[in-house]
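Heads up: the structure comes next, in structure tokens.
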């Protein structure tokens, strides 16, 4: 029943709901990274602090430099084939 508390729409499958929850979690991590970038922390420090790869941090920093925090926002669920 925990899944129903997270996803009140009974038509949504448990797997889809979990994917939405994970997407939101990953976006929160990226937004935390934005704060560390603005504070001037290096990639290695950020990766250790957020427990992600240095490669991810490099990619996020590049996106942030080119497009600001909006560039790191989730784009939502990709469309499904009908």
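With respect to residue 8, determine if the residue is on the phi < 0 side of the Ramachandran plot and either within 12 Å of the chain's Cα centre (by Cα) or modelled with pLDDT of 80 or more (or both).
Details: on the phi < 0 side of the Ramachandran plot: yes; either within 12 Å of the chain's Cα centre (by Cα) or modelled with pLDDT of 80 or more (or both): no.
The answer is no for residue 8.
Taking region 37-47, which residues are under 22 Å from residue 74 (Cα atoms) and at pLDDT 95 or above?
Within region 37-47, the subset under 22 Å from residue 74 (Cα atoms) is 37-38, 43, 46-47.
Selection gives 43, 46, 47.
The values are calculated or read from the model by the stated rules, or taken from the named source; none is laboratory data. What you are looking at is a predicted structure, and each value in this text was computed from that prediction instead of being measured.
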